[in-house]
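The values are calculated or read from the model by the stated rules, or taken from the named source; none is laboratory data. These figures come from a predicted structure and were not determined experimentally. Ideal geometry is used to build each Cβ from the backbone, glycine not excepted, and the neighbour counts take in all protein chains shown. These accessible areas exclude ligands, DNA and RNA; they are computed on the full protein's heavy atoms, side chains included. Shrake-Rupley method; radii C 1.70, N 1.55, O 1.52, S 1.80 Å.
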Amino acid sequence: MIVYGTRTPHVATERVNNLVCENCENQNTLRVSVFRTHAHVFWIPLFPIYKKVFSECDHCKQVLKEKEMPERLKRKAVAFKKDAKGPIWQFAGLLLIAVLVIAVSVSK
């Protein structure tokens, strides 16, 4: 029985200044968060697959996906997503496989 799948941990959050929430019209209440999905086997992360970005208003709690964001917010969110680096532990499975391959090849 092989247990495999994906997980999506939080990578980073940044407050966006000088923008107004389109829902409640409050200024400086928007936050942008990045999440990075990785594949795993037996809950050991192998490699990252993709990143997602969401915005949330602190006042009205409206959450928007990247395609739903207004253009100015989307530009800032995409730039933040591009700069947000995920944790190195998301490559732990590949490192473990590399160590096992090297150990097997050395032992022959």
Quick check: is even one residue across the stretch 34-57 modelled with pLDDT of 90 or more, in contact with an Asp or Glu (Cβ under 8 Å, 6 or more places away or on another chain), more than 30 Å from Val3 (Cβ to Cβ) and not small (Gly, Ala, Ser)? no
With respect to Ala98, is the statement that it is out of contact with any helix residue (DSSP H, G or I) (no Cβ under 7 Å at 6 or more places or on another chain), part of a strand (DSSP E or B) and open to solvent by less than 60 Å² (accessible area, probe 1.4 Å) true? no
For the stretch 58-78, enumerate the residues that are out of contact with any helix residue (DSSP H, G or I) (no Cβ under 9 Å at 6 or more places or on another chain), open to solvent by less than 50 Å² (accessible area, probe 1.4 Å) and part of a helix (DSSP H, G or I). Leu73
Collect the residues in the stretch 17-41 that are open to solvent by 20 Å² or more (accessible area, probe 1.4 Å), assigned to a loop (DSSP other than H, G, I, E, B) and either free of Cβ contacts under 8 Å to residues at least 12 places away in the same chain or closer than 11 Å to Leu64 by Cβ (or both), keeping them in residue-number order. Asn17, Asn18, Glu22, Asn23, Glu25
Please name all residue pairs, on different chains or six or more residues apart, with Cβ atoms under 6 Å, provided the first residue is in the stretch 97-108 and is more than 14 Å from Leu46 (Cβ to Cβ) and the second residue is open to solvent by less than 90 Å² (accessible area, probe 1.4 Å). none
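Residue-by-condition table, conditions (1) of a type outside the set (S, T, N, Q); (2) within 30 Å of Leu96 (Cα to Cα); (3) open to solvent by 30 Å² or more (accessible area, probe 1.4 Å); (4) not in a strand (DSSP E or B):
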| residue | (1), (2), (3), (4) |
| --- | --- |
| Ala12 | yes, yes, no, no |
| Arg15 | yes, no, yes, no |
| Ile49 | yes, yes, yes, no |
| Phe54 | yes, no, yes, no |
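Each row is one residue, and each column tells you yes or no for (1) hydrophobic (A, V, I, L, M, F, W, C); (2) within 14 Å of the chain's Cα centre (by Cα).
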{"residue": "Ala39", "(1), (2)": "yes, yes"}
{"residue": "Phe42", "(1), (2)": "yes, no"}
{"residue": "Phe47", "(1), (2)": "yes, yes"}
{"residue": "Lys67", "(1), (2)": "no, no"}
